[in-house]
């Protein structure tokens, strides 16, 4: 016989609901925050900067989002997985380049852990907590400004209502700097902010929040990303922001 909680969960799931622990965990918080803002702002186009292997896009699909996704991932091996995922769960476009402040090429540090690759060097004191942040090789990648490629990326999308998600391991403000020409077209954004930096020269959470607020965005919510080894103190969080009505 199934334990009581599992029997209850099966009945509730059959009704299209779910059973979660209270208080809600980070995963539940993330699902609620994303669903809420996508629905309230009637978002039909998500720009996924730092798409990696497509995790965020798949999360959106699992939430029930059926609009357009446009992902950018510079590391070739990650992009190949992303492109395959995008083909299966469209409408979803993927582009094999990075976004930044300037057009050109740059060396990205590919880490042992796929999600840690960055244009910035990992801090030595971060490796004890995140050993997968160790750099294993470098790769030259193309870099474009978002305001120079956005119209081409949006081809075929009528009246796009845009949500900008940035996860570039300490490079988020550089992405925003390259979006200055189209920033007024962004309704809401999600950027990773650092409470305890794990990369050299990465901006503090204060600098990140100040930069986004100066562009007209206000904080909606914070979603925990990583915590210290004590499982309590936040290291990084995703800050979800929107323009006030």
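Computed quantities for the displayed model
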read-out: Hey, residue 226 buried (at least 20 other Cβ atoms within 10 Å of the Cβ), touching a strand residue (DSSP E or B) at 6+ places or on another chain (Cβ under 6 Å) and within 16 Å of residue 56 (Cβ to Cβ) or not; value: no
read-out: Hits in segment 182-206 (condition: crowded, with 19+ Cβ neighbours inside 10 Å and under 16 Å from residue 118 (Cα atoms)); value: 191, 192, 193, 194, 197, 198, 199, 202, 203
read-out: Hey, residue 48 outside any helix (DSSP H, G or I) and either touching a strand residue (DSSP E or B) at 6+ places or on another chain (Cβ under 8 Å) or under 20 Å from residue 138 (Cα atoms) (or both) or not; value: yes
read-out: Subset tally (residues that are in contact (Cβ under 8 Å) with a residue 40 or more places away in the chain and closer than 26 Å to residue 121 by Cα) for segment 136-155; value: 7
read-out: The listed residue being touching a helix residue (DSSP H, G or I) at 6+ places or on another chain (Cβ under 6 Å) and either surrounded by fewer than 17 Cβ atoms within 10 Å (Cβ to Cβ) or closer than 19 Å to residue 175 by Cα (or both), out of 215, 232, 209; value: 215
read-out: Looking only at segment 63-80, and only at residues there that are part of a helix (DSSP H, G or I) and in contact with a helix residue (DSSP H, G or I) (Cβ under 9 Å, 6 or more places away or on another chain), the one that is modelled with the lowest pLDDT; value: 63
read-out: Selection status of residue 126, under 18 Å from the mean Cα position of the chain (by Cα) and more than 29 Å from residue 44 (Cβ to Cβ); value: no
read-out: Total residues in segment 67-101, condition surrounded by 24 or more Cβ atoms within 10 Å (Cβ to Cβ), within 17 Å of residue 160 (Cβ to Cβ) and free of Cβ contacts under 8 Å to residues at least 60 places away in the same chain; value: 4
read-out: Failed item, numbered, when residue 179 is tested on (1) surrounded by fewer than 20 Cβ atoms within 10 Å (Cβ to Cβ); (2) in contact with a helix residue (DSSP H, G or I) (Cβ under 7 Å, 6 or more places away or on another chain); (3) under 27 Å from residue 245 (Cα atoms); value: (1)
read-out: Segment 128-144, residues that are surrounded by 15 or more Cβ atoms within 10 Å (Cβ to Cβ) and assigned to a loop (DSSP other than H, G, I, E, B); value: 130
read-out: Which listed residue, of 60, 34, 99, is under 18 Å from the mean Cα position of the chain (by Cα), within 27 Å of residue 151 (Cβ to Cβ) and modelled with pLDDT under 95; value: 34
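The values are calculated or read from the model by the stated rules, or taken from the named source; none is laboratory data. None of these values were measured; they are calculated from a predicted model. For neighbour counting, all protein chains shown are included, and Cβ atoms are generated from backbone atoms with ideal geometry for every residue, glycine included.
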